[in-house]
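Since the structure comes first, as structure tokens, the remarks are kept for the end.
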């Protein structure tokens, strides 16, 4: 019996791995610029321990000026060495940890519901639901640091509960896991402390009883976090936060002032029309955006990097299952069930401070809670319809069809429809330019599609030490980094008028700006056929 | 027993005050639907015909939206009493709103057999922003809602005393004439009741069931016949349906997908990549949009008039008070986990699930107006949550928890009252076709000097003809003789010296002996050297609304 469950679990993890690794170099069709940055920085670290611009990354990698937390690059050093600096190598850590998250979810169930008689069934169903989750599959198939953070956060919670349930020394591992997540993805900087403190409060008696281990874990946590605390109060971090947060909209205040005037400046009016309340409302609005059922169950994230947009972040069928699941975890009060709703409620907070909501990536922290709730609902359904087996079977069939619907769209249509989201045009244009590079003195390449330099670095597997010497780098007022040139390459928003002789220069520009006297050499298009770049000479 | 009636009385007083106070002034002006309902009622009162000359219509063609006519008929006595003015037109809705507050008490008590719960639900309805804003405007939907409550009330009563069944059916069948969404909701909810409570129906005396069927058929016969003869009765449904949406939600290039699928000999592609799947997803999307917490508690939507001026901002009001949110969630949980009658639980759940269906097949969602039937069930669930919460909060720390909640509740209420009764008329005039109370008398004074008066028929003066008819109390007999039968959208209207036209005034030649009344934008395109400016009409905040001028 035990064996049969193990075999089942093995096959689920195998399926998860297949769904995450199969054709990972073609779907999505190309590395987007953030993935490319991870790849090249990992490559660079692998060579001399420094990032592309020569810094030893501890709290961040400067990259495009977005100050990426560095863990993904470190994780990617070995895969890039082993598999090469290519799509597979760059995406490998995300896909691997995504697969392991499925396995971890099974074990997590055992710790959340330690005495639940059906914990193994629940674990298997949860792992299966996560294995086929469109949300998790999409985020595991590209180099998203969020996906690594999710793995670390789940580990942190799993290890914490394991320490509570069985062996106290897991607490030390738990704090390392939480601390690492903070070096992995921005939202973890808010979620990890919130969740960690909440868990500590809930299990305070246990922690006080084992005060030695708690103390060691706490000190270790603080030591690991010290460098990043220094970074978080720096102006760079502030710029980054102001860019995305919701608390900088001033029109709200104008309206409030007018409303006070309309009330003849009464004191009550000043109380009800104050900006703190309005900003809180705005926060709540962005918060609840992430719980919008149309986002979760039918439309998905409107950013096609995170979703095929064919269906929601979850299957429509998950909706009734999640509702039933929520209802029954509260009714059954099994084990530490309350951790799931707390996890969800805290997990959405970081995303709610940003302007673009709902946001599948920033709330990936709540994976796998919804899948567990859905599985709990499914388990209730099976139990309730013990004598009418056909009902769970019908549910299973609908689920299977929904999965096929998602997977069909992903495999056969996604890449073609959204290749521009993955900077696909660089794939062919960079390869072409590299193949003819020796025939020209200069290459003037448009910045129109954004950050082309990184794709040349990756294609050439350029030695970072050489790049640092050749590159001309500027920083704009928003703190974004702009690589203007290196080697023969010149990158500009106006590539037709470079600061050097146009003779013997290869131009690659937006098709709208090809001059009349140009001799067009080659056109490069997205997978849907739209021409995005044109190579010409004069 | 006595005490609960006294409390109910007080609740109804509060509810009446919130619905009747300043009814003719807030909202600031009649919108075009109100003007149309008012003038058609006036026309029915004097001639038994609508503006297009149709005798006793069951749907008003109005702006080609074929409004169910019940509201116009209900307004007739008030227009006879108070004259053709905005107060009289809104009064039917306000009174039905007050009846709803009252009937909610009895309905909730009938379903849950709990007086405390019934009182609290009725109170929540009496102060509900959703219900108040709809009760203060001539909305057919609000009549439909009250009829829902009455028919459900008597339906549950009939399980104890069969004689109430015919009464329930009468209200339900009348509701078919009140509002489009009711035409789907009423059959659906009655079908569910029939299935869930089939045992109870068996116990009802056959003669009452027979009588109910006969009454139901009789009352709905004109509606059924009219639909059979002329499907344009359902035109509004067709026009608003997602099949005619400006652009479907899922904007996929299906043709391209189909091409790829057929190249791949892809069987699944044939199954998945087709129009039907996309429409099905679209319907589900519109349906689910009504279970968005933001919509319910924070943002609302622009079909709730309160949100019109605020639609582009995140501030404003949801359809329910924010403080109700935690109690609503608790109430949902308590209701389904407690020992209420299973059949009643099923009924409440089905009610919640059925309400958004009529809205789901339209494209403009979420829609407060098409889902008004959520009331008062959302309030009943919230009330269950509040009572359950009070039961659980005991001990010395009680006040520490209750005080902030009470303060926030008061905050919510004052905020709403301020938004609606103070701020609304400052921010909203542009959305309420404001200004005809100045434009029409001015035109009347000036028109004796001219042979023709040309009035704009473009935003914000679109459908201006109905506002002139309404404000002039123009004789319906006369109008029916000259009014066109073509409908209204993109059509010019003429009566008396007036013409209401849609023109490009940048190229149009201005006529002599003609008074022009144009909106600010049209005025902008007129060549100022060739005209005499006579008068300007402004919004309360000073923005230009309309200009009177003639040719030099």
Conditions (1) part of a loop (DSSP other than H, G, I, E, B); (2) surrounded by 15 or more Cβ atoms within 10 Å (Cβ to Cβ); (3) within 27 Å of the chain's Cα centre (by Cα): number failed by residue A:416
(1)
I'm trying to understand the selection: among the residues of the range B:534-552, which are over 39 Å from the mean Cα position of the chain (by Cα) and farther than 24 Å from residue B:465 by Cβ?
B:552
Looking at (1) at pLDDT below 90; (2) within 14 Å of chain A (Cβ to nearest Cβ); (3) surrounded by fewer than 21 Cβ atoms within 10 Å (Cβ to Cβ), which is the one condition that is false for residue B:431?
(2)
Tell me which residues, restricted to the range B:1-52, are over 24 Å from the mean Cα position of the chain (by Cα) and modelled with pLDDT under 90.
B:1, B:2
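Before we move on, is residue B:197 touching a residue at least 60 places away in the same chain (Cβ under 8 Å), over 29 Å from residue B:41 (Cα atoms) and over 29 Å from the mean Cα position of the chain (by Cα)? Outline the logic, then answer.
On the way: touching a residue at least 60 places away in the same chain (Cβ under 8 Å): yes; over 29 Å from residue B:41 (Cα atoms): yes; over 29 Å from the mean Cα position of the chain (by Cα): yes.
Yes, satisfied.
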Filter the range B:441-461 for residues that are surrounded by fewer than 19 Cβ atoms within 10 Å (Cβ to Cβ), over 18 Å from residue B:510 (Cβ atoms) and within 27 Å of the chain's Cα centre (by Cα) and give the result.
B:459
Mind checking which helices (runs of 4 or more DSSP H) fall wholly inside the range A:1-97 and carry at least 2 residues that are farther than 28 Å from residue A:368 by Cα, over 19 Å from the mean Cα position of the chain (by Cα) and at pLDDT 95 or above?
A:33-48, A:77-83
Is it the case, given these coordinates, that residue B:408 is touching a helix residue (DSSP H, G or I) at 6+ places or on another chain (Cβ under 6 Å) and within 11 Å of another protein chain (Cβ to nearest Cβ)?
no
Selection over the range B:464-487 where residues are at pLDDT below 90 and either closer than 12 Å to residue B:517 by Cα or crowded, with 22+ Cβ neighbours inside 10 Å (or both) yields a count of 0
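Yes/no per residue for (1) over 16 Å from residue B:130 (Cβ atoms); (2) at pLDDT 90 or above; (3) surrounded by fewer than 22 Cβ atoms within 10 Å (Cβ to Cβ):
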| site | (1), (2), (3) |
| --- | --- |
| B:268 | yes, no, yes |
| B:274 | yes, no, yes |
| B:284 | yes, yes, yes |
| B:299 | no, no, no |
| B:320 | no, yes, no |
| B:325 | no, yes, yes |
Considering only residues that are surrounded by 13 or more Cβ atoms within 10 Å (Cβ to Cβ), within 12 Å of chain B (Cβ to nearest Cβ) and assigned to a helix (DSSP H, G or I), look in the range A:227-256 and name the one that is modelled with the lowest pLDDT.
A:252
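Quick test for you: out of A:296, A:291, pick the one residue that is buried (at least 21 other Cβ atoms within 10 Å of the Cβ), under 22 Å from the mean Cα position of the chain (by Cα) and within 11 Å of chain B (Cβ to nearest Cβ).
Values: A:291 fails: buried (at least 21 other Cβ atoms within 10 Å of the Cβ).
None of the other options fit; the residue is A:296.
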Go through (1) within 11 Å of chain B (Cβ to nearest Cβ); (2) touching a helix residue (DSSP H, G or I) at 6+ places or on another chain (Cβ under 7 Å); (3) within 22 Å of residue A:413 (Cβ to Cβ) one by one and return the number of the condition residue A:275 breaks.
(3)
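Can you tell me which residue within the range A:257-268, out of those that are more than 7 Å from chain B (Cβ to nearest Cβ) and in a helix (DSSP H, G or I), is surrounded by the fewest Cβ atoms within 10 Å (Cβ to Cβ)? Walk me through it before giving the result.
Residues of the range A:257-268 that are more than 7 Å from chain B (Cβ to nearest Cβ), as a first pass: A:257-258, A:260-261, A:264-267.
Next cut, in a helix (DSSP H, G or I) only: A:257-258, A:260-261, A:267.
Values: A:257: 13, A:258: 15, A:260: 18, A:261: 11, A:267: 8.
Within the range A:257-268, the match that is surrounded by the fewest Cβ atoms within 10 Å (Cβ to Cβ) is A:267.
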Could you grab me the full set of residues in the range B:189-200 that are surrounded by fewer than 16 Cβ atoms within 10 Å (Cβ to Cβ) and under 30 Å from residue B:359 (Cα atoms)?
B:191, B:194, B:195, B:198
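Conditions (1) surrounded by fewer than 17 Cβ atoms within 10 Å (Cβ to Cβ); (2) away from chain B (no Cβ under 14 Å); (3) free of Cβ contacts under 8 Å to residues at least 24 places away in the same chain, marked per residue:
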{"residue": "A:408", "(1), (2), (3)": "no, no, yes"}
{"residue": "A:430", "(1), (2), (3)": "no, yes, no"}
{"residue": "A:438", "(1), (2), (3)": "yes, yes, yes"}
{"residue": "A:442", "(1), (2), (3)": "no, yes, no"}
{"residue": "A:453", "(1), (2), (3)": "no, yes, no"}
{"residue": "A:474", "(1), (2), (3)": "yes, yes, yes"}
{"residue": "A:485", "(1), (2), (3)": "no, yes, yes"}
Can you report the number of residues in the range B:21-52 which are crowded, with 18+ Cβ neighbours inside 10 Å, assigned to a helix (DSSP H, G or I) and in contact (Cβ under 8 Å) with a residue 60 or more places away in the chain?
10
When the range B:337-355 is checked residue by residue, the ones that are within 11 Å of chain A (Cβ to nearest Cβ) and either modelled with pLDDT of 95 or more or closer than 16 Å to residue B:108 by Cα (or both) are B:349, B:353
Only one of (1) modelled with pLDDT under 90; (2) more than 7 Å from chain A (Cβ to nearest Cβ); (3) more than 21 Å from residue B:141 (Cα to Cα) fails for residue B:308. Which number is that?
(3)
Quick count over the range A:160-170, residues being surrounded by fewer than 23 Cβ atoms within 10 Å (Cβ to Cβ) and either within 17 Å of residue A:197 (Cβ to Cβ) or without any contact (Cβ under 8 Å) to a residue 40 or more places away in the chain (or both), is 4
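The values are calculated or read from the model by the stated rules, or taken from the named source; none is laboratory data. Since this is a predicted model, take the numbers as computed values, not measurements. As a convention, Cβ positions derive from the backbone with ideal geometry for all residues, glycine included, and neighbour counts pool all protein chains shown.
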